[in-house]
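Bear in mind these aren't lab numbers, they're just calculated from the coordinates by the rules spelled out. Keep in mind that this is a model prediction, so the values were computed, not measured. Reconstructed Cβ throughout: ideal geometry from the backbone, glycine too, with neighbour counts over all protein chains shown.
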Ligand SMILES: Cc1ncc(COP(=O)(O)O)c(C=O)c1O
């Protein structure tokens, strides 16, 4: 599904040099590379503050902790996402409320989102799934109308863009009040382990977030709030800073592979290709097709037989996960999420896809009957 090693080999001297420099100074925690990377990422994204942390799940948790929420407050999330988005809500004693997504772009469905709002709703977490922005203009308008905070889960879509109706263009994660991302190795900007970041234009919130991520202290050993130990270590920051310089190139390589799929598979009838919204620049963290008529599992087995790996993101709606059974009434169901869990299939996509690999995958897909 991915080829992280070939990506590394291309920039090996730079990565190795950056790692060695950290080892030479042995400043493994809060070394100078952490602040440098945060500043460089902030400027790349066009946001005021980036606060790095230990992983994308922590980023979401810290963002919620910074909002002064009370137990029982409701946070709306899409039901078709990775569990982390809802997990942190539950961990903090808040209530995850699940809304449906669109079958086209897999992102929050506006009608379902609006229908999920109650007087207890305090925030929305739109997830920019598979590399493409949620429809942020109506989401922000709805949030403003109901006085809700918006935390963007940008774990899968660093570098994606969204264009507003006035043609203003913004990177995902910088549109809501807080953006969260993950540097998990397979993400658009991946490190060599776990890592994450939180971004915001709100300076006051940034101070609080930075404090929460570091045991609730601004000054060492003086703890103002209960926080957590969530830091991006210096080695990860140093190599991420190198990789950030290649991010535009890596995103272009992902789009090139996606373009190949679109061109080669345009006549395919056995499955539907992913939707690219006109007001969104897709980064193709995943290339996910949908297969109608209960044929998805057969297609997956066929591809496996032919040596083509695929993944099902995600096989089960959040509300059907045992962990979240306490948050929904029995029989709760969202039609589009149900349909997608039965029909989605993600094909291999990464920055190092070779033409002959793409040719083999697409030819094999077209042979499926
Ligand atoms: C949508 C989404 N949110 C949050 C996360 C959590 O990120 P991490 O694995 O860095 O904790 C992920 C990771 O896969 C994700 O895909």
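Once you wrap a convex hull around the alpha carbon atoms of the chain, what is its projected area averaged over all directions, in nm²?
Working: hull surface 75.3 nm².
The Cα convex hull of the chain, projected and averaged over all directions, gives 18.8 nm².
Which of the peptides 121-128, 190-197, 201-208 is most tightly packed, and how do the rest follow, judged by the mean count of other Cβ atoms within 10 Å per residue? Numbers along the way, then the final one.
Numbers: 121-128: 25.2, 190-197: 22.5, 201-208: 15.9.
Put in order of decreasing packing, that is 121-128, 190-197, 201-208.
Considering helices alone, the calculated mean residue ellipticity of the chain at 222 nm is -11500 deg cm²/dmol, with DSSP H runs of length four and up weighted by -39500 (n - 2.57) and normalised per residue.
Remark: relative contact order (the chain) = 21 percent; criterion is Cα-Cα distance under 8 angstrom and separation of 6 or more residues. Between residue 330 and residue 39, residue separation times 0.36 nm minus the direct Cα-Cα distance comes to 100.1 nm.
Comparing 186, 118, 288 in a Gaussian network model of the chain where C-alpha atoms under 10 Å apart are linked, the largest mean-square fluctuation is found at 118.
Peptides 213-226, 339-352 ranked from most to least packed give 339-352, 213-226, packing being the mean of other C-beta atoms within 10 angstrom over each peptide's residues. Here each label is just a point 7 Å from Cα along the line to Cβ, and for residue 204 and residue 268 those points are 5.0 nm apart.
Length gain on complete extension for the stretch residue 48 to residue 301, per 0.36 nm per residue less the alpha carbon to alpha carbon distance? Show your work: numbers first, answer last.
Numbers: separation 253, 0.36 × 253 = 91.08 nm, distance 4.69 nm.
That works out to 86.4 nm of additional length.
Pair-distance distribution of the range 247-367: all C-alpha pairs, bin width 10 Å, starting at 0; shares per bin in whole percent are 12, 39, 31, 15, 3. Of the residues 49, 355, 132, the one that moves most in a GNM of the chain with alpha-carbon contacts below 10 Å is 355.
Pop the C-beta distance of residue 294 and residue 321 into the FRET formula with R0 = 22 Å and round what comes out to the nearest 0.05. The formula returns an efficiency of 0.50 here. Spin-label model, residue 118 to residue 275: label points 7 Å out along the Cα-to-beta-carbon direction sit 2.9 nm apart. Assign one of three labels to the range 192-306, namely rounded, prolate or oblate, based on the Cα gyration tensor with a ≥ b ≥ c the square roots of its eigenvalues; rounded applies when a/c is under 1.5, prolate when it is not and a/b is larger than b/c, and oblate otherwise. It comes out prolate by the Cα gyration axes. Between residue 339 and residue 9, the simple label model (points 7 Å from Cα in the Cβ direction) yields a spacing of 4.3 nm.
How do 76, 11, 95 line up, fewest other C-beta atoms within 10 Å first? List each step's numbers first, then the result.
Working: 76 27, 11 16, 95 19.
The order, fewest Cβ neighbours first, is 11, 95, 76.
Put simply, when 316-322, 55-61 are sorted by average Cβ atoms within 10 angstrom per residue, most first, you get 55-61, 316-322. Report, in whole Å, the centroid distance computed from the Cα atoms of the range 267-318 and the range 44-75. So the two Cα centres are separated by 30 Å.
A Gaussian network model of the chain, with springs between Cα atoms under 10 Å, assigns the largest mean-square fluctuation among 79, 99, 42 to 42.
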